[in-house]
1. Run the dipole for the chain about the Cα centre, Lys and Arg Cβ at +1, Asp and Glu Cβ at -1, nothing else charged, and hand back the magnitude in debye, nearest 20.
2. At a 1.4 Å probe radius, which order do S141, S15 fall into by accessible area, largest first?
3. Compute the whole-percent fraction of alpha carbon pairs in region 108-235 spaced more than 26 Å apart.
4. Using the heavy atoms of the protein chains alone and a 1.4 angstrom probe, what is the accessible area of the chain per residue in square angstrom?
5. Just want the answer: with Cβ charges of +1 for Lys and Arg and -1 for Asp and Glu, which residue in L47, Q217, P519 is farthest toward the dipole's positive end in the chain?
6. Calculate I(q)/I(0) for the chain by the Debye formula, one identical point scatterer on each C-alpha and no solvent, and give its log10 at q = 0.05, 0.06 Å⁻¹ to two decimals.
7. Amide H neighbours of L407 under 5 Å, at least 5 residues apart or on other chains, H built in the peptide plane: list them.
8. Calculate, for W524 and R469, the FRET efficiency according to 1/(1 + (r/R0)^6) with r their C-beta to C-beta distance and R0 25 Å; round to the nearest 0.05.
Amino acid sequence: MTFGVLGPLVVAVDSVPQALPRAAVVRGLLGALLLAEGERLSAARLLELVWAGQADRVGRGAVHTGVSRLRGWLGRFGDASVALESDGEGYRLGVGPDAVDLGRFRKLAAAGEPAAALGLRRGPVLAGLDRVNREDPLVTSVEEAVRTTALTLARTAPRSAVPAVTALADEYPFDEPVQAALLELLAADGRPAEALRRFQALRQRLSEELGIEPGEQVQRVFLALLARDHDTGPRTRTPSQLPPDLPDFTGREQPVQRVLDALADGRVPVIAGMGGIGKTALAVHTAHRAAADYPDGRLYADLRGADESPAEPARVLAAFLRALGADAREIPESLDERSALYRTLLADRRVLVVLDNAAGERQLGPLLPGTATHARSATHARSATHARSAALVTSRTALTALPGARLVDLGELDPSHAELLLRRIVGERRVSAEPVAAGQIAELCGGMPLAVRIAGARLAARPRWSLARLADLLRDERRRLDELEAGDLAVRAGFAVGYARLSEPTRRTFRLLGLLDAPDFAPWAAAAVADLPVEAAERQLEELIDA
């Protein structure tokens, strides 16, 4: 008799497969005893392995009964080398020295023959055997031995390791070292495009199922892949200018998808919203998500100058041209010539350009890549190869006059996501200890991510503070903006930028509206308090709403 556990459980006699026991418990006992490799397992241990979550409701009598049935089934084959022994300490299954594929696997791996060892593997350990506890060390230790052998083979014989590591990566999609090893193997095997597609699929699965991005090890391999995915001649560079993604980025699933869909459609997504609402965070997060679609680089520019005035497009273009490999001495003087050279360098590349804090359409015109025409078939998906470079824009205004624009209007976080963001910054323990105060802080921050982030930063810097204390400070409306400051972050600064961009008559109306002690009001009330015709008041209110 021979047995296989490196995959679905199999039993063969003279190489002829045999039907397994009908009872799931008996099959589970056989698998567990084979994994023990001749070691004795107590009845309590077998309860943990085979009955798992039911162990506390099943007595040892069930183990005795199951073992008796297994002994009877094995006895039908009349193989004297197979003996199921029992005593007061437990149960042991004795078999021939090479009767189990796991034993042969260990011998080959120890002899320095990892390829031959992995050739015995047919899938996950005891695949399909639902009566075996897969969290048990007896199972996980075998899986770890297989994984270690595969990673060893990847280092010592990369070409022959591809099939084994591919199988492991498919079966364990969240195992970062295995995924990173596969990406490197595919690249070394001359298949970088396949490696990039695998990274994109992994990133999407992690986001959808766990709400996270790939870890540092996989990201590092991915960036190396991007660098070698195209001809890296002496004048070609692969810029990667995106700011780091926020590790505690929260919510915004629908806006993220709208941006990704717009990029896939060849449009220019414009993320618009008030200061502090999280436009930059959304743009950077989404750009990282879409990075695999733009293997020739990611450019980034903050179009708001240090003095809050709009950045000059010519200066931004000069920085982009240097990042794309242009010699500083060859950068033209005029804006039009710089823009033409910029589009020329992007013509045969797939680069994502993130233009943050745009002031208006005029500023953006010279900075947009050439027209992005994406060939779409009936089965086109976001993972399809992009034909051209693309742009992603954020602005306080809608910029609907921008050619090809698709507006992504960003509003406040809903209360649950605002509280989740606070929880991720402050820590689970403190928020769980004061859930009511945490909800009050999220509410008093008005769903503004910047305000929640500042509140969380203040609490993180003051571990002795209770959440209720900060909630009390924020309740005072006259002091709230003073309290929402931490380091370089300040909600007041964001409001000040929006206020500064208003016309003076609208600023006056804004100040006078503070006299209305009401949660809402009609346009005629605004007209009365500002001593304006209703039509003029309505125009100013529209300006305020846009801001």
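The values are calculated or read from the model by the stated rules, or taken from the named source; none is laboratory data. What you are looking at is a predicted structure, and each value in this text was computed from that prediction instead of being measured. Methodologically, a virtual Cβ is constructed for each residue, glycine included, from the backbone with ideal geometry; neighbour enumeration extends over all protein chains shown. Just the protein is used for accessible areas: all its heavy atoms, side chains included, with ligands, DNA and RNA removed. Shrake-Rupley method; radii C 1.70, N 1.55, O 1.52, S 1.80 Å.
1. 1040
2. S15, S141
3. Counting every Cα pair in region 108-235, those more than 26 Å apart make up 28 percent.
4. On a per-residue basis, the chain sits at 49 Å².
5. Comparing the listed Cα positions along the dipole, L47 ranks first.
6. -0.34, -0.48
7. V270
8. 0.05
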